[in-house]
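Okay, so here's the structure we're looking at.
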Amino acid sequence: MKNISRRIEKELGLPSLTGKLANELPPSDFNSLLIEIFSLKSERISPSEILKLYAQNNYTKPAACNAAEYRRLEADMLCAAEDNGVESIILSPASLFGCCSTFGAISQNKVISATRGLEILSDATNMLALYLAAGIKDGTLSNAESPVHLCTTHRHIRYQAALSAKHLPHFGLFTMVSAGKSRSSYAFEIEALLFHLQFYRDYWLQKHGSTLSVSFNRRAGYKDPDGFFARMIDAVKNCFDDMEIVIDEQENNTVYYQGLQATLTARDNGKSIEVGDIGFTDWTQKLLNSKRERLLISALALDRQVQLTAQN
């Protein structure tokens, strides 16, 4: 992206243009400038050109799954979560500009940025964390005595340089977050992790008639990473003696997750298919500037479930 910016600056004879627009122009003026530019460019697009652009842009195409089955699946998962004491909410299709990249969760280059300080929502768990932090700060939510559990379903879109079967133009996720306070012996982390795993295991067995396996990967972020990881694994093994558990002892230092990351895997015609993800983050800690805050996030694929149901 920087090479493209440098080329444009050179062609226009305006050196350092990108830096000046990004760093010296006030946000309100920058947004006004973008709105005016987009308005002028849109006036030059004809209906026939829109049709041509639609044919060329895979990000605007419908999902390759049945809409009725997809909506039923959303409702099934949300109702199942509510039956387990999880509050469901509907997120806006927009989030604040920089909402993901601020935490290092997703590069801004993969997010579709917009004007007016907004971007297309690219990570529902990130917005649930923001919703939680705002509620805890203004007193409308409290995780002091017991964890707060929230869930939603949302279609996500993230830019990929090359789309593939693994990288869809847009994809649906059921997401769940649990926010609590730090307690001795990692009590919150154990409680939240078992809660999420229990929900997904029971749901998958009831919906698809099969069991899920889980693979744990060590992550940085805790003062005693070895002790933390061992405590989490022991708790899971003691609670789920019928679940296949795979341990990856190699530490992964990506900034998205803290302590551990768990991948949920299903079997389809003898093949292992990744269907979900679970992990701890420090987002509420940073939002509320409190080391006591703890947050577990998770997600389960929706499109993949519709496809598996159709095949079976």
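The values are calculated or read from the model by the stated rules, or taken from the named source; none is laboratory data. Not measured: the values here are computed from a predicted model. All Cβ positions, glycine included, derive from the backbone under ideal geometry; neighbour counts span all protein chains shown. In case anyone asks, the SASA skips ligands and DNA or RNA and just uses the protein heavy atoms, side chains included. Shrake-Rupley method; radii C 1.70, N 1.55, O 1.52, S 1.80 Å.
Can you find a residue in region 102-121 that is of a type in the set (Val, Ile, Thr) and free of Cβ contacts under 8 Å to residues at least 24 places away in the same chain? Within region 102-121, one or more residues are of a type in the set (Val, Ile, Thr) and free of Cβ contacts under 8 Å to residues at least 24 places away in the same chain. Filtered by the rule that a residue be crowded, with 21+ Cβ neighbours inside 10 Å, in a helix (DSSP H, G or I) and not hydroxyl-bearing (Ser, Thr, Tyr), region 117-135 gives ALA124, ASN126, MET127, LEU128, ALA129, LEU132, ALA133. Based on what the data block shows, is SER92 assigned to a loop (DSSP other than H, G, I, E, B), within 28 Å of ARG294 (Cα to Cα) and in contact (Cβ under 8 Å) with a residue 24 or more places away in the chain? So SER92 passes the test. Pairing each residue of region 12-26 that is assigned to a loop (DSSP other than H, G, I, E, B) with any residue that is at pLDDT below 80 and surrounded by 11 or more Cβ atoms within 10 Å (Cβ to Cβ), provided the two are 6+ apart or on different chains, yields C-beta distances under 6 Å for PRO15/GLU9.
Please determine, by comparing only the residues of region 79-89 that are assigned to a helix (DSSP H, G or I) and touching a Ser or Thr at 6+ places or on another chain (Cβ under 9 Å), which one is surrounded by the most Cβ atoms within 10 Å (Cβ to Cβ).
Of everything passing the filter in region 79-89, ALA81 is surrounded by the most Cβ atoms within 10 Å (Cβ to Cβ).
Among the conditions (1) open to solvent by 40 Å² or more (accessible area, probe 1.4 Å); (2) in a helix (DSSP H, G or I); (3) of a type outside the set (S, T, N, Q); (4) over 19 Å from GLU293 (Cα atoms), the only one that ARG155 does not satisfy is (2).
On the stretch given as region 60-73, residues that are surrounded by 14 or more Cβ atoms within 10 Å (Cβ to Cβ) and either farther than 20 Å from TRP204 by Cα or of a type in the set (S, T, N, Q) (or both) total 2.
Here ASP76 meets the list (1) in contact with an Asp or Glu (Cβ under 9 Å, 6 or more places away or on another chain); (2) under 25 Å from ILE278 (Cβ atoms); (3) surrounded by fewer than 18 Cβ atoms within 10 Å (Cβ to Cβ) almost entirely, failing just condition (1). Counting residues in region 158-166 that are surrounded by 14 or more Cβ atoms within 10 Å (Cβ to Cβ), at pLDDT below 95, in contact with a helix residue (DSSP H, G or I) (Cβ under 6 Å, 6 or more places away or on another chain) and aromatic (Phe, Trp, Tyr) gives one or more. Tallying residues that are touching a helix residue (DSSP H, G or I) at 6+ places or on another chain (Cβ under 7 Å) and open to solvent by less than 40 Å² (accessible area, probe 1.4 Å) within region 223-232 yields 2.
Hey, can you tell me all the residues within region 41-59 that are part of a helix (DSSP H, G or I), hydrophobic (A, V, I, L, M, F, W, C) and open to solvent by less than 90 Å² (accessible area, probe 1.4 Å)? Matches in region 41-59: LEU53, ALA55.
Would you please list the contacts, defined by Cβ atoms under 6 Å and residues six or more apart or on different chains, that run from a residue in region 217-237 that is modelled with pLDDT of 90 or more to a residue that is part of a loop (DSSP other than H, G, I, E, B) and surrounded by 12 or more Cβ atoms within 10 Å (Cβ to Cβ)? From region 217-237, the pairs are ARG219/TYR257; PHE228/TYR222. SER185 satisfies every condition listed in (1) open to solvent by 20 Å² or more (accessible area, probe 1.4 Å); (2) more than 25 Å from SER28 (Cβ to Cβ); (3) in a loop (DSSP other than H, G, I, E, B) except (3).
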